[in-house]
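Presented below is the structure to which this report refers.
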Amino acid sequence: MFAILISFLLLWAGAAEPPAGSSAQGAGQVTGRVTDTSGAAVPDAIVQLQARDGRPALTARTDAQGGFKLTSVAPSAYWMTAEASGLASSPEAIGVRAGETVERDVTVRVTPMSTQVVITAASTAQSTDEVSKAFDVIDSKQLDRREEYSLVEALRLTPGLRIAQLGGPGSLARVQTRGMRTFDTSVLIDGFRFRDTSAPQGDAMGFFGDLLLADTARTEVLRGSGSSLYGTHAMGGVINVVTEQGGGPAHGELTVEGGGLGLFRGTAKMRGGIKNDRVKYAAGITHLNVTSGVDGDDRYRNTSGQGSVWWRARPATTYGVRLFASDNFTGLNVAPFALTALPSTSDVRAVEGVTFSRALNDPDARRAGRFVSTLATVTHQFTPAASFRGNYQYMGTERDNRDGPVGPRFQPAVPNSNLFASRVDTAQLRTDLMLPWRHFLSGGYEYERERYDNRSVDENAVISLRTAARVEVNQASHALFVQDQWRTLGDRLQVMLSGRWQRFDLARPRFTGGSPQYANTRLLTPPDAKTGDVALSYFVPKTGTKLRAHAGNSYRVPTLYERFGYSFFMGSFSPYGDPLLAPERSLAGDAGIDQYFANSRVRVSATAFYTRLQQVIGFDFSGLINPESDPYGRFSGYRNTGGGLARGVELSGEASVSRLTRVHAAYTYTNADERSSTLVGGSVSSIRISPHMATALVTHQFTRHLDVTMDLFAASKYVYPLFAGGSRPFVFKGPVKMDIVARYSRMAGDRIRWELYTRIENALNRVYYEDGFATPKAWAVAGVKIGF
């Protein structure tokens, strides 16, 4: 039935008149000239043509007279933008007919706020004016000004996001969106889920601190429910890392930096195009090595690569492949712990060395991790109003946690290894249709197969007592999704409806050498997931005002670890999972306003949000589980429980004060509570949530060659539990972190640009702890960058 419906809509779309006019096949071209507000030509500007259905963009670079020419343009509707150093145009909608030459001049001005064409909010290309959800973009230009190379630091200034790194570079990191939990934010690479299905919650947080942006065009952040577009885990928001596509003359960049914490980093990038960009390529590789870290022995190494190749075989057909991979090593510490002498109050003020001990060095504890994410895609345009995309993604992860008897606190008697491996295969077919009455319909089918593999071994001197246990679980799912974008009232009103249905198929797990508690358990396939979303916005061009609202429901399917997981310590197994767990479900909504001033050079935004977790999966430490009556003999473990509430306000402002100065500031208030307490004293405040957060980013170009950027993140106190006769709530001071970057650059001839820079981290030298882990005081690096 679904295939018949899609075929019917394809025929209807083929008969519909597209925005460009004719539906005849053939290629067109777009020519024009880029000028500034005085009418002067802008040479070496980049002109980009982005199809509404999300196909790879077409790019051209202007000549000395500001002229450009884009050839072999498939008939369709596009967004056109242009940008040069410090200048940009707002997206302009154009249509291209078969065999037509479209002449369109573009004016660029001091970079306005509404210059982005984004994908994540609707899974298709939209201008900033169209987006009806709370949304932010961190592009490569901002990352260059801040000299950031990791996703953790790139996201730190985003409104509504609480970013924490438990130590120095490469240490475990987490993100919490709008007062939700760490695993309620879905991480995507080019629109496809980045998941470690062997992690306890099946999310990306185990590798979040390892995501180095080797060759990233931008990172898009959607705040609010996203399950109707992106499936499981998108309950609080979505983070989408968009890979650079390349194009234009061959060009590259080399970076070397080093300094505090024993840090060294080297990065190489190369991009370009062949045969008038019929083939485009982009690739980057980076190596990060930290030899000392916070306590002098927090070793970390990471080698990451990211790149893509696109072949436009015909104007209407494009093939592409993308790779993102990492291999890393981390030295681990003992987790922070409560000290014995504690006050009688339920909330304990966290004072290092008095009420808690910071993480202590564990010399023989380490983690080796790696991930590979590959994407193969084909896009074909049947008519100017109908296109097709086929995608396949392979996502593989591996984490080997090793420990031995050396170190403080509780240590295993013999060296051991816990190896967690996962694999996710995703195949997706989708079509995008421009229908009559200004409807843009997208729909498709997605198949996903995931695998969980956990192996536990030790090196007991007595061979007969050695442990060699393994659990393997497979699960598949089938999903149908549909979305309709409708524009009316002269494109001032945008309405988007989306829905997703997903069915799961759980295979019987295989057990070897341990964890027999689940061997004969009755399996219960998770119920079908049905999610929906509605978003709308109304734009008033005369006043530069956009009103928007967004509401939807989301879900998270129980992970394979939550159903069949166990711990292994001192030669014994402790089951944690429950095969009969029900999914997590939530309802969320937000409403806001974006106001533009001074020809879009100033933007202020305000958003009120509300999220209700209806049912969640929690880990019970309380001892309420009776091992004699529990079917798996558990003392503690996962079970379904009541959810919670998160509500608050996000305020932000951004201004291009002049061509030389740009300012961005944001404030977030969050009130998050649990429905039932798991803490001593009955506190229902959500853990790790700072009620108040503020950020600031200021960039100033002092001379033609020198610019300075300052960014600041500050958060109020928060609660985190440490075990002391139960989970005691410890109140930690919130972080205050200021970073300063100074860059000096010059040209060496016509093609080579070199840059010297220094980056001071935690310039205020503030001492703060994240979940009890010490973070670095003030430290700095210096580097050199050569572009050619």
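Just a few scattered comments:
- Residues of segment 117-139 with amide N under 19 Å of the 7 Å Cα→Cβ point at Leu435: 122-125
- Residue-span extension gain [Ala582 to Asn599] - 0.36 nm each, minus C-alpha spacing: 1.0 nm
- Backbone phi angles across segment 484-492, fed through the Karplus curve with coefficients 6.51, -1.76 and 1.60 (θ = phi - 60°), yield HN-Hα couplings of 10, 10, 10, 10, 8, 6, x, 6, 6 Hz in residue order; Gly and Pro are listed as x.
- Listed pairs Lys141/Lys530; Lys69/Lys141; Lys133/Lys269; Lys141/Lys717; Lys133/Lys530 exceeding 27 Å between Cα atoms: Lys141/Lys530; Lys133/Lys269; Lys141/Lys717
- Taking amide H atoms as placed 1.01 Å from N in the peptide plane, the amide H of Arg299 lies under 5 Å from those of Gly331, each 5 or more residues away in sequence or on another chain.
- Gain upon complete extension [Val321, Asn640; 0.36 nm per residue less C-alpha separation]: 110.8 nm
- Summarising the amide proton neighbourhood of Ala413: residues at separation of 5 or more, or on other chains, whose placed amide H is nearer than 5 Å comprise Met570.
- Inter-centroid distance (Cα atoms) of segment 371-398 relative to segment 55-70, Å: 26
- Per residue solvent-accessible surface (Å²) - the chain, probe of 1.4 Å: 39
- Shown for the chain: the carbon plus sulfur share of the solvent-accessible area, taken with all protein chains present and a 1.4 angstrom probe, equals 59%.
- Virtual paramagnetic centre 7 Å along Cα→Cβ of Ala27, amide N under 15 Å, in segment 300-320: 311-319
- Separation of alpha-carbon centers, segment 614-677 and segment 91-159, rounded to whole Å: 30
- When you restrict to C-alpha pairs under 8 Å that are six or more residues apart and normalise by the size of segment 633-788, the relative contact order lands at 15 percent.
- Zone residues, segment 426-463, relative to Asp528, backbone N less than 15 Å from point 7 Å out along Cα-to-Cβ: 446
- Three-way shape call for segment 317-385 based on the alpha-carbon gyration tensor, with the a/c threshold at 1.5: oblate
- Cβ-placed point charges (K, R +1; D, E -1), dipole of the chain about Cα centre in debye, nearest 20: 600
- Under the simplified labelling scheme, the Val684-Arg449 pair shows an inter-label distance of 4.6 nm, with each label point 7 Å from Cα along Cα→Cβ.
- Solvent-accessible area of Ile463 with every protein chain in place, 1.4 Å probe, in Å² to the nearest 10: 130
- For segment 253-264, Karplus couplings with θ = phi - 60° (6.51, -1.76, 1.60), whole Hz, Gly/Pro x: 7, 10, 9, 9, 9, x, x, x, 6, x, 8, 9
- Relative contact order of segment 490-649: 19 percent, from C-alpha pairs under 8 Å at least 6 residues apart in sequence.
- Amide proton proximity set for Gly99, modelled H, under 5 Å, gap of 5+: Ala27, Gly28
- Helix 2-15 axis versus longest C-alpha principal axis of the chain: approximately 20°, rounded to the nearest ten.
- The overall shape of segment 651-788, judged from the alpha-carbon gyration tensor, is prolate: a/c is not under 1.5, and a/b is greater than b/c.
- Modelled spin-label separation between Ser676 and Asp144, with each label point placed 7 Å from Cα along the Cα-to-Cβ direction: 5.4 nm.
- Whole-number percent relative contact order across the chain, with pairs defined as alpha carbons under 8 Å at least 6 apart: 11
- Cα gyration tensor shape for segment 155-230, rounded if a/c is under 1.5, else prolate or oblate: rounded
- R0 of 35 Å, Cβ-Cβ distance Trp501-Asp620: FRET efficiency to nearest 0.05: 0.65
- Modelled this way, with points 7 Å down the Cα-to-C-beta line, the labels at Asp44 and Thr488 are 4.9 nm from one another.
- Potential lengthening of the chain between Ala606 and Leu342 amounts to 90.8 nm, from the contour at 0.36 nm per residue minus the alpha-carbon distance.
- In the set [x] 91, 73, 51; [y] 77, 63, 49; [z] 98, 65, 53, the label that goes with Cα extents along the principal axes in Å computed for this structure is [y].
The values are calculated or read from the model by the stated rules, or taken from the named source; none is laboratory data. Computed from a predicted structure; not experimentally measured. Using ideal geometry, Cβ is built from the backbone for each residue, glycine included, and neighbour counts are taken over all protein chains shown. Surface areas here come from the heavy atoms of the whole protein model, side chains and all, with no ligands, DNA or RNA. Shrake-Rupley method; radii C 1.70, N 1.55, O 1.52, S 1.80 Å.
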